[in-house]
Amino acid sequence: KENFPGQKDQLREAKRNIEEGDYFYEMKNPVKFKFALERYLKAQEFNPNSASLNFKLGICYLYSNFKIKAKPHFEKAYQLDPMVSPDIHYYLGRGYHLNMDWDKAIKEYEEYKLTLVGKAANPVKLKDAAKKIKECTHGRELVKSPVRVFIDNIGNVVNTQYPEYGPVISADEDVMLFTSR
């Protein structure tokens, strides 16, 4: 209230949006993060300088079709409060990783690994961070020599108005199997 004098109604609305967003966020269900994201974005319009809100927005974006939008939220959360989450360096690494900023991603993953060593080190988290570092190293090398590809539309038998995905092509390239909704 002290930070937003004279904005009682807007503050109440922002708090309501955060509470509704938290309801969906706490489900930890990737489908529900979409609903949390909608509420958090409304709350952020009122207060863009909340570390926890920016962190949650970053998480929601990681589970959306717009993953690269997570990075600025993780950066802002860290800038506002470096202790916003024990895993902030991992998520900063993910943000940089998804935006192909390989060196910054590796630095953040390394920092994350250091935070894990001080605790009862979780071997799964350590292994994941090491894997992400390898991915960044490979990504850096692959970007140096891009490969030109051509994408052809194979017609309305496959490309319908409904989602088609998960194609698998046989070794002799005679058969393609895919999922259609």
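The values are calculated or read from the model by the stated rules, or taken from the named source; none is laboratory data. Worth saying up front: this structure is predicted, and the values here are computed from it rather than measured. Ideal geometry is used to build each Cβ from the backbone, glycine not excepted, and the neighbour counts take in all protein chains shown. Each accessible area value is taken on the protein alone, full model and side chains, heavy atoms only, with ligands, DNA and RNA left out. Shrake-Rupley method; radii C 1.70, N 1.55, O 1.52, S 1.80 Å.
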Practice item. Normalise the Cα radius of gyration of segment 13-106 by 2.2 N^0.38 Å (N = residues in it) and let me know the number. Key: 1.01
Practice item. Give the angle, between 0 and 90 degrees and rounded to the nearest 10, that separates the Cα long axis of helix 123-144 from the longest principal axis of the Cα atoms of the chain. Key: 60 degrees
Point to revise | Accessible surface of the chain, 1.4 Å probe, proportion on carbon and sulfur as whole % | key: 56 percent
Revision key, fill the gap. Result for the chain: accessible area per residue, probe 1.4 angstrom, in square angstrom, of 70 Å²
Check your understanding: How would you rank 100-106, 44-50, highest first, on the average number of other Cβ atoms within 10 Å across their residues?
Key -> 100-106, 44-50
Point to revise | Whole-number Å³ per residue for the convex hull built on Cα positions in segment 79-140 | key: 71 Å³
Check your understanding: Which log10 I(q)/I(0) values, to two decimals, does segment 1-63 give at q = 0.13, 0.16, 0.20 Å⁻¹ under the Debye formula with one point per Cα?
Key -> -0.32, -0.47, -0.69
**Study point:** Amide proton proximity set for Asp81, modelled H, under 5 Å, gap of 5+
**Key:** none
Exercise for review: Anything over 18 Å Cα to Cα? Flag those among Lys71/Lys107; Lys107/Lys144; Lys107/Lys131; Lys15/Lys42; Lys8/Lys32; Lys34/Lys131, in the order listed.
Suggested key: Lys107/Lys144; Lys8/Lys32; Lys34/Lys131
Review point. How long is the gain from Asn153 to Asp172 if the chain were fully straight, where each residue apart is worth 0.36 nm and the alpha carbon distance is subtracted?
Key: 4.9 nm
Practice item. Starting from the alpha-carbon convex hull of the chain, give the projected area averaged over all orientations, in nm². Key: 15.1 nm²
